[in-house]
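This report refers to the structure that appears directly beneath it.
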Amino acid sequence: MQYELRTQVVDQRRSTFSYLEPRLGGKPATRYEEGSVGIQPKENFHYRPLWAPDHELYGADWSALQLADPDAFRDPRQYYYAPYVAKRAEMHDAFGKTIDYLDERGLLARLPDTWRRLLTEVVLPLRHYESGAQLLTVLGSRFANGTTVAQCCSYAAFDRVGNAQLLSRVGISLAEGSDALLATAKQAWLEESSLQGLRRMIEELLLEPDWGVGLFSLDLLDRAVYALLYRHLDTVALLDGAGPYSLVVQHLNSWFDDQRRWVDALVAAWLSDAEHGPANRALLTDIVAARLPQVQEAVEALARGIDERIDDEGVAAAAEILTGLRAGLTGQQLLEGKPA
């Protein structure tokens, strides 16, 4: 008896899930689109929140910053659970190798005393800054309208916890396996004068009920803080015999580049929205007017704290960073006619 093997192709009856067809037509959906677009509940809620009876469980009115079609927003990184976890596992593995390298050679212990002071008294306390940023960002993961926006906030909130853990690992390594420096860092967060502007702004934003306003305000502060501590000081460390500092902060620099991609895309979507764009622009302009002076005050105090510990022109660097921030906001037409 002879057998003949043949290949048969079974044509798909449709190219994607039914809930995506109205948006994509006959185009096949990506994994990202299948797990992100159009999956937020929009009807048949059982009850309104007892603590906020003027809102539905999910809705657009949790923020004054709105999009007519939230599902039209896309994360430029195309993150859903699997690629996000893979990317962050890779990042933390790389950081772990850096810490192991520093520990094996005792490089953190050989830091100049000035840089050790800077690290323990100014940088390590920012694990609490990251913790506050996590609380602010997770508000968006719960209240943002549209899964594509909410999941960006969720991943960013996880990232801020991860950043706090990175800084904690540096403190533990610097103390040769002890958590003593973490306790010192907490007191510095509460008492160090150069950090109180950051702490004040973070704590004020924790009281902001509008997740979009809080997120954008935090981003204004992030842009200045990361540029000063993790970009400017990265270069200074290489020239000042503090290479281990540079090896550590490269990972925070890389993370912030990734963070910028979705935040910039969301702000652009707010500004260009056909229905809500003008109102969004007016509100973002008001936020800049209210918060930018506070950002300047906080970052200038941080720069003075840097200058007190190492031989650096931190105040001048902060001024240059703030000028660049203002230029960017002016380019977005969110800061018009404002003096430097």
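The values are calculated or read from the model by the stated rules, or taken from the named source; none is laboratory data. Keep in mind the model is a prediction, meaning the values are calculated, not measured. Cβ atoms come from the backbone with ideal geometry, glycine included; neighbour counts cover every protein chain shown. Side chains are part of the model used for accessible areas, which takes the heavy atoms of the whole protein and leaves out ligands, DNA and RNA. Shrake-Rupley method; radii C 1.70, N 1.55, O 1.52, S 1.80 Å.
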Inset, instruction - Within the range 203-215, track down each residue that is assigned to a helix (DSSP H, G or I), surrounded by fewer than 23 Cβ atoms within 10 Å (Cβ to Cβ) and of a type in the set (A, V, I, L, M, F, W, C). - result: 205, 213
Inset, instruction - Return a yes/no flag: does the range 61-78 have any residue that is touching a Lys or Arg at 6+ places or on another chain (Cβ under 6 Å), exposed (fewer than 15 other Cβ atoms within 10 Å of the Cβ) and at negative phi. - result: yes
Legend entry - Set 262, 270: member being open to solvent by less than 40 Å² (accessible area, probe 1.4 Å), farther than 30 Å from residue 192 by Cα and in contact with a Gly (Cβ under 8 Å, 6 or more places away or on another chain): 270
Inset, instruction - All but one of (1) touching a Ser or Thr at 6+ places or on another chain (Cβ under 8 Å); (2) among the acidic types (Asp, Glu); (3) in a loop (DSSP other than H, G, I, E, B) hold for residue 234, so report the exception by its number. - result: (3)
Legend entry - When residues of the range 1-23 are limited to those that are surrounded by 10 or more Cβ atoms within 10 Å (Cβ to Cβ) and hydrophobic (A, V, I, L, M, F, W, C), the one nearest to residue 144 (Cα to Cα): 20
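Out of all the residues in the range 294-335, which are among the acidic types (Asp, Glu) and either in contact with a Ser or Thr (Cβ under 7 Å, 6 or more places away or on another chain) or part of a helix (DSSP H, G or I) (or both)?
Taking the range 294-335 and keeping what is among the acidic types (Asp, Glu), we get 297, 300, 307-308, 311-313, 320.
Hits for the range 294-335 are 297, 300, 307, 320.
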Inset, instruction - Determine if the range 219-226 includes at least one residue that is of a type in the set (Lys, Arg), open to solvent by 10 Å² or more (accessible area, probe 1.4 Å), on the phi < 0 side of the Ramachandran plot and within 14 Å of the chain's Cα centre (by Cα). - result: yes
Legend entry - Filter result (touching a residue at least 12 places away in the same chain (Cβ under 8 Å), open to solvent by 40 Å² or more (accessible area, probe 1.4 Å), under 14 Å from residue 122 (Cβ atoms) and not basic (Lys, Arg)) within the range 173-191: 184
Inset, instruction - Collect the residues in the range 65-116 that are among the polar types (S, T, N, Q), touching a helix residue (DSSP H, G or I) at 6+ places or on another chain (Cβ under 9 Å) and not in a loop (DSSP other than H, G, I, E, B), keeping them in residue-number order. - result: 98
Legend entry - Filtered residues of the range 278-306 (kept if open to solvent by 50 Å² or more (accessible area, probe 1.4 Å) and over 30 Å from residue 68 (Cβ atoms)): 293, 296, 297, 300, 304
Inset, instruction - Being without any contact (Cβ under 8 Å) to a residue 60 or more places away in the chain, assigned to a loop (DSSP other than H, G, I, E, B), open to solvent by 50 Å² or more (accessible area, probe 1.4 Å) and out of contact with any Leu (no Cβ under 7 Å at 6 or more places or on another chain) is the filter here, so list the residues in the range 24-47 that pass it. - result: 26, 27, 28, 30, 41, 42, 43, 44, 46, 47
